[in-house]
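FYI, it's all coordinate maths here, none of it is from the lab. Computed from a predicted structure; not experimentally measured. When we count neighbours, we look across all protein chains shown, and the Cβ atoms used for this are built from the backbone with ideal geometry, even at glycine.
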Amino acid sequence: MKKIFFILGLLIFIPSCNNESSFLPEGEYKYISDTPNDVEINISFDNKEKRFYGNSGVNRYFGTYEQEGNKLTFSPIGSTMMAGPLEVMKEEREYLNKLNNVEGFQVEGEELILETGNDKKLIFRRVK
């Protein structure tokens, strides 16, 4: 009888451990891939409100997201409309276009990898 309870406990515990890795980790992340011109880009997630926000180089951006397992979709992205150096504005536009195409994510240690439908990856490192 003890063996049955032990096995049932494992069957309940193991799937719950696997689901933890599919939670989008809350906090702030710095963009570390494809950032020429030393453009500072970051993203933060608020899991309670299902919101994301960050700095895309010159402007602040924001929106909501939906997550199911490792699938992730963003609402249309809102942004402030300040002007900056042309090179930085170009990087910002390219980043936001990639972000609009995110379909999923992975977590590898302190890195968050957002995956787009066209096989592009946006790689971030945890800040806080």
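Phi-derived couplings, Karplus 6.51 cos²θ - 1.76 cosθ + 1.60 at θ = phi - 60°, listed residue by residue for the range 47-55: 5, 5, 8, 6, 10, 10, 6, x, 10 Hz, with x used for Gly and Pro. Backbone phi angles across the range 23-34, fed through the Karplus curve with coefficients 6.51, -1.76 and 1.60 (θ = phi - 60°), yield HN-Hα couplings of 7, 5, x, 6, x, 9, 10, 9, 6, 10, 10, 6 Hz in residue order; Gly and Pro are listed as x. Normalised by the number of residues in the range 27-101, the mean separation of alpha-carbon contacts (under 8 Å, six or more apart) gives a relative contact order of 23 percent. Projected onto the charge dipole of the range 76-128 (+1 at Lys/Arg Cβ, -1 at Asp/Glu Cβ, origin at the Cα centre), which of Asn118, Ser79, Val107 gives the Cα projection farthest towards the positive end? Checking the options against the dipole of the range 76-128, the answer is Ser79. For Ser33, the residues whose amide H sits under 5 Å from its own are Ile123, ignoring neighbours fewer than 5 places away on the same chain, with H placed 1.01 Å from N.
For the range 86-91, the Karplus equation 6.51 cos²θ - 1.76 cosθ + 1.60, evaluated at θ = phi - 60°, returns couplings of 3, 4, 5, 4, 5, 4 Hz by residue, with Gly and Pro reported as x. Treating cross-link reach as a plain straight distance, find the aspartates and glutamates whose alpha-carbon is under 15 Å from the alpha-carbon of Lys98, omitting any fewer than eight places away in the same chain. Correct list for Lys98: Asp34, Glu115, Asp119.
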